[in-house]
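Nothing in this text is a laboratory measurement; each read-out follows from the coordinates by a stated rule. The model shown is predicted, which means the values in this text are computed figures rather than measured ones. Note that we place each Cβ from the backbone using ideal geometry, even for glycine, and neighbour counts take in every protein chain shown.
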């Protein structure tokens with residue numbers, strides 16, 4: 001039996017923002033096993049041009065992602081919410097194995113079950129090559145500090 005993941009739907013402005021920050025914190029941990037627990041066993045994803053179905057495949061996808069995307073730092077921002085759905089915009093910075101930096105921009109649409117687990121995730125993402133001097137996300141890997149600017153604050 002899967003435990004509930006608070007906050008539960010239906011969402012309000014406060015609980016939707018809390019869910020977004022919890023997702024950001026999870027992804028910034030770069031722990032595929034832990035992050036995958038936020039999804040239903042049969043969760044369905046569209047991530048760019050890939051379709052990933054099921055918690056086990058999500059975990060494998062995340063492991064491969066974070067092996068490729070070094071120095072990963074992510075900021076998510078609530079865009080809209082209703083009942084059991086949340087829309088998010090995000091940006092993350094990462095470095096490939098050749099040393100090139102990127103900022104990836106995207107939008108996600110999430111749908112949750114009644115236990116607060118994500119049933120579906122649809123992500124559209126674009127990568128922009130940047131120089132090291134153009135980086136904006138400089139906190140130590142892990143959770144973004146509470147006083148770090150948001151996407152809106154950074155003009156992204």
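Tabulated results
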read-out: Flag for residue 62 being buried (at least 18 other Cβ atoms within 10 Å of the Cβ) and in a helix (DSSP H, G or I); value: yes
read-out: Test: residue in the stretch 14-25 that is touching a strand residue (DSSP E or B) at 6+ places or on another chain (Cβ under 9 Å), surrounded by 14 or more Cβ atoms within 10 Å (Cβ to Cβ), part of a helix (DSSP H, G or I) and free of Cβ contacts under 8 Å to residues at least 40 places away in the same chain; value: yes
read-out: Every residue from the stretch 65-82 that is touching a residue at least 40 places away in the same chain (Cβ under 8 Å), touching a strand residue (DSSP E or B) at 6+ places or on another chain (Cβ under 9 Å), surrounded by fewer than 20 Cβ atoms within 10 Å (Cβ to Cβ) and farther than 14 Å from residue 31 by Cβ; value: 71, 77, 78
read-out: Residue among 2, 40 that alone is in contact with a strand residue (DSSP E or B) (Cβ under 6 Å, 6 or more places away or on another chain) and outside any helix (DSSP H, G or I); value: 40
read-out: Residue 35 vs. criteria within 19 Å of residue 125 (Cβ to Cβ), within 16 Å of the chain's Cα centre (by Cα) and assigned to a helix (DSSP H, G or I); value: yes
